[in-house]
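The values are calculated or read from the model by the stated rules, or taken from the named source; none is laboratory data. Predicted, not measured: the structure shown is a model, and the values here were computed from it. So basically every Cβ, Gly included, is an ideal-geometry build from the backbone, and we count neighbours across all protein chains shown. For the accessible areas, the whole protein counts, side chains as well, though only heavy atoms, and no ligand, DNA or RNA atoms are used. Shrake-Rupley method; radii C 1.70, N 1.55, O 1.52, S 1.80 Å.
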Amino acid sequence: MELAISRVDARRVISGLLNSPIAPGKYSHFLNVGTGHILDALDHNYFRGELADGIGCFKYLEGDYGSGKTQFINSLATKASEQDVVTSIVTVGAECPFNSPAAIFRAIMESFLPPADAQFDGADSKGIEVLLESWILRRIRQLGAEPGGDVPEVVQRQIEQQIGGLWRGAPDQQMATALTALSQRLLKIACGASESVIDNEIIGWVRGDNIRSTALKNHGMFEPARDDNAFRRLKTVIAFLRTRMGYKGFFIAFDEGTRTSSFRRGSIKQKQAIENLLTMINQNADGEFGGVMFLYAATPDFRSEVISTYRALQDRIGSKAFSPASPMVPLINIEDTNSSQVIFEIGERLLAIFARANEISWEMDTQIQNMKELVIAQEGVLFETPKPRFFVYQYCRFLDQQKDGQRLITDQEASDFVNDHEPPLEGDA
């Protein structure tokens, strides 16, 4: 099959998969199989629809380790980015314990990624300051100028009026002041001014770092982010980006990945984590965030062991999973999309990516038969259809050998290969 992927990107995908069997980030959509109907429905209903109207939603993504949760999240983020929706993918774990609103806030701020059309020459730079700067650069060009020392004063004033001005009723006034100050500084820098020490201090403060200084106080930033103000500050950031910069929607995903769930670390932390999740769900439903799709991804035991014991959370997630007849429900069970057919389709995509990366032509009859032998051998070891992560890990290593000399393998060779190439326990492709 043909894939619209460059040789450079194909080589990056293969290199990443050979080093670690996890979803290849922004390239995940090249491997995504089986969930296209779900992605298309979410794209149509939210990225092309309700988020732009300020209507938010919550989705709960369920799947076992290796079933493709991270792959799905990255593919959905690609859909969002193509529709001018800002994305932020956060890994829940030691760096972002979900029982801390301040930690959640910091993780979102440092993970913001501009929409595809606003990224710097395809770079993967992330963070709230990157989001602000990319908008400013794009706005300068929209007004007929180029960033640098020659930006006309009239262009600068027009942008200043758009990002500045009095903001009454901001959820957090200090954050509103900080965002205006930072945007104005980034505008000056884009128009040729030199950076200063205070710029980095403001960026750190806006990101949620524990920074205090006299200079920050002079700019109206007295208190760093804390658990009791974190969600107000997140609402302020979302409102600023929507109303002042015109970003039409936001996709914010929390991926437990292989981390131990922060919902199972003791009763006090578990209760606080649940309260944080409920706060985001409820306040988003009430329109307090405005145009945000929150998504939380976890393994099945989270629903059976945790959700089932919290009635309020159970009511909001429900037990009815996404289907073509019910595209708007919160629960998305990715296990329902996995099958042997999906595994073979993933294999065909890997064949195409390897071919592009290495500029080779596969003997397709030979490779399809080899793929079948490997899957049969995997099923013999697992006693079930292999999860995508398990299959991808082994099949990439198999193709890496085959590219230097294609040949048909026997069922015994397939079995030996599977038993000799056990994937690591951690990872979620």
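Can you find even one residue in the stretch 415-429 that is surrounded by 14 or more Cβ atoms within 10 Å (Cβ to Cβ), among the hydrophobic types (A, V, I, L, M, F, W, C), touching a Ser or Thr at 6+ places or on another chain (Cβ under 7 Å) and not in a helix (DSSP H, G or I)?
Within the stretch 415-429, one or more residues are surrounded by 14 or more Cβ atoms within 10 Å (Cβ to Cβ), among the hydrophobic types (A, V, I, L, M, F, W, C), touching a Ser or Thr at 6+ places or on another chain (Cβ under 7 Å) and not in a helix (DSSP H, G or I).
Report yes if some residue within the stretch 162-174 is surrounded by fewer than 18 Cβ atoms within 10 Å (Cβ to Cβ), out of contact with any Leu (no Cβ under 7 Å at 6 or more places or on another chain) and over 24 Å from Phe222 (Cβ atoms); otherwise report no.
Looking through the stretch 162-174, at least one residue is surrounded by fewer than 18 Cβ atoms within 10 Å (Cβ to Cβ), out of contact with any Leu (no Cβ under 7 Å at 6 or more places or on another chain) and over 24 Å from Phe222 (Cβ atoms).
Can you tell me which residue within the stretch 61-89, out of those that are assigned to a loop (DSSP other than H, G, I, E, B) and open to solvent by 20 Å² or more (accessible area, probe 1.4 Å), is nearest to Pro114 (Cα to Cα)?
Looking at the filtered set, the residue picked out is Asp84.
Is at least one residue of the stretch 313-321 closer than 24 Å to Pro386 by Cα and under 25 Å from the mean Cα position of the chain (by Cα)?
The answer is yes; a qualifying residue exists.
Hey, among Phe344, Phe354, which residue is in a helix (DSSP H, G or I) and surrounded by 20 or more Cβ atoms within 10 Å (Cβ to Cβ)?
On the way: Phe344 fails: surrounded by 20 or more Cβ atoms within 10 Å (Cβ to Cβ).
Going through Phe344, Phe354 in turn, just one is in a helix (DSSP H, G or I) and surrounded by 20 or more Cβ atoms within 10 Å (Cβ to Cβ): Phe354.
Inspect the stretch 13-32 for any residue being farther than 23 Å from Val85 by Cα and of a type in the set (Ser, Thr, Tyr) and give the result as yes or no.
So far as the stretch 13-32 goes, yes, one or more of its residues are farther than 23 Å from Val85 by Cα and of a type in the set (Ser, Thr, Tyr).
Are there any pairs with C-beta distances below 9 angstrom linking a residue in the stretch 139-161 that is within 23 Å of Leu241 (Cα to Cα) and in a helix (DSSP H, G or I) to a residue that is small (Gly, Ala, Ser) and open to solvent by 50 Å² or more (accessible area, probe 1.4 Å), with the two at least 6 apart or on different chains, and if so which?
Val155/Gly144
A quick yes/no check of all residues on (1) closer than 23 Å to Gly66 by Cα; (2) open to solvent by 40 Å² or more (accessible area, probe 1.4 Å); (3) not in a strand (DSSP E or B):
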position	(1), (2), (3)
Asn284	no, no, yes
Glu288	no, yes, yes
Arg316	no, yes, yes
Met328	no, yes, yes
Ile332	yes, no, no
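Please go through the stretch 184-238 and give me each residue that is within 28 Å of the chain's Cα centre (by Cα) and outside any helix (DSSP H, G or I), ordered by number.
Gly208, Asp209, Asn210, Ile211, Pro224, Ala225, Arg226, Asp227, Asp228, Asn229
When the stretch 359-399 is examined, which residues are found to be open to solvent by 40 Å² or more (accessible area, probe 1.4 Å), touching a helix residue (DSSP H, G or I) at 6+ places or on another chain (Cβ under 8 Å) and among the polar types (S, T, N, Q)?
Correct list: Ser361, Thr385.
Note down all Cβ pairs under 9 Å where the first residue falls in the stretch 293-316 and is assigned by the TED database to the domain that holds Ile73, the second is loosely packed, with under 13 Cβ neighbours inside 10 Å, and they're at least six residues apart or on different chains.
Matching pairs, first to second residue: Arg303/Ser319; Gln314/Ser308.
Could we say that Ile409 is in the same structural domain as Ile343 (by the TED database), touching a helix residue (DSSP H, G or I) at 6+ places or on another chain (Cβ under 8 Å) and open to solvent by 50 Å² or more (accessible area, probe 1.4 Å) here?
No, not satisfied.
Counting just the residues of the stretch 3-30 that are open to solvent by less than 60 Å² (accessible area, probe 1.4 Å) and farther than 16 Å from Asn358 by Cβ, which one comes out modelled with the lowest pLDDT?
Pro21
Which residues, taken from the stretch 386-406, are of a type outside the set (Asp, Glu), under 15 Å from Glu363 (Cα atoms) and in a helix (DSSP H, G or I)?
Across the stretch 386-406, the qualifying residues are Phe398, Leu399, Gln401, Gln402.
Go through the stretch 91-107 residue by residue and tally those that are surrounded by fewer than 23 Cβ atoms within 10 Å (Cβ to Cβ) and not basic (Lys, Arg).
Within the stretch 91-107, the first condition is being surrounded by fewer than 23 Cβ atoms within 10 Å (Cβ to Cβ), and the residues that meet it are 91, 93-97, 99-100, 102-103, 106.
Right, trim to not basic (Lys, Arg) and you get 91, 93-97, 99-100, 102-103.
The number of residues fulfilling the criteria is 10.
Take the stretch 34-88 and flag every residue that is under 20 Å from Gly347 (Cα atoms) and without any contact (Cβ under 8 Å) to a residue 60 or more places away in the chain.
Gly36, Asn74, Ser75
Can you name the residue in the stretch 239-248 that is of a type outside the set (Gly, Ala, Ser) and assigned to a helix (DSSP H, G or I) and, of all such residues, is surrounded by the fewest Cβ atoms within 10 Å (Cβ to Cβ)? Step through it out loud before you land on a result.
Within the stretch 239-248, the subset of a type outside the set (Gly, Ala, Ser) is 240-245, 247-248.
Subsequent filtering for residues that are assigned to a helix (DSSP H, G or I) retains 240-243.
Working: Phe240: 22, Leu241: 23, Arg242: 21, Thr243: 12.
Among them, the one singled out is Thr243.
Would you check which residues across the stretch 322-361 are among the small types (Gly, Ala, Ser) and without any contact (Cβ under 8 Å) to a residue 24 or more places away in the chain and list them?
Ser323, Ala325, Ser326, Ala355, Ser361
Is one or more of the residues making up the stretch 34-54 surrounded by fewer than 21 Cβ atoms within 10 Å (Cβ to Cβ), within 16 Å of the chain's Cα centre (by Cα) and under 23 Å from Asn282 (Cα atoms)?
Yes, the conditions are met somewhere in the stretch 34-54.
Picking from Phe231, Phe263, which residue would you name as being assigned by the TED database to the domain that holds Thr177 and modelled with pLDDT of 85 or more?
Selected residue: Phe231, the only one of Phe231, Phe263 that is assigned by the TED database to the domain that holds Thr177 and modelled with pLDDT of 85 or more.
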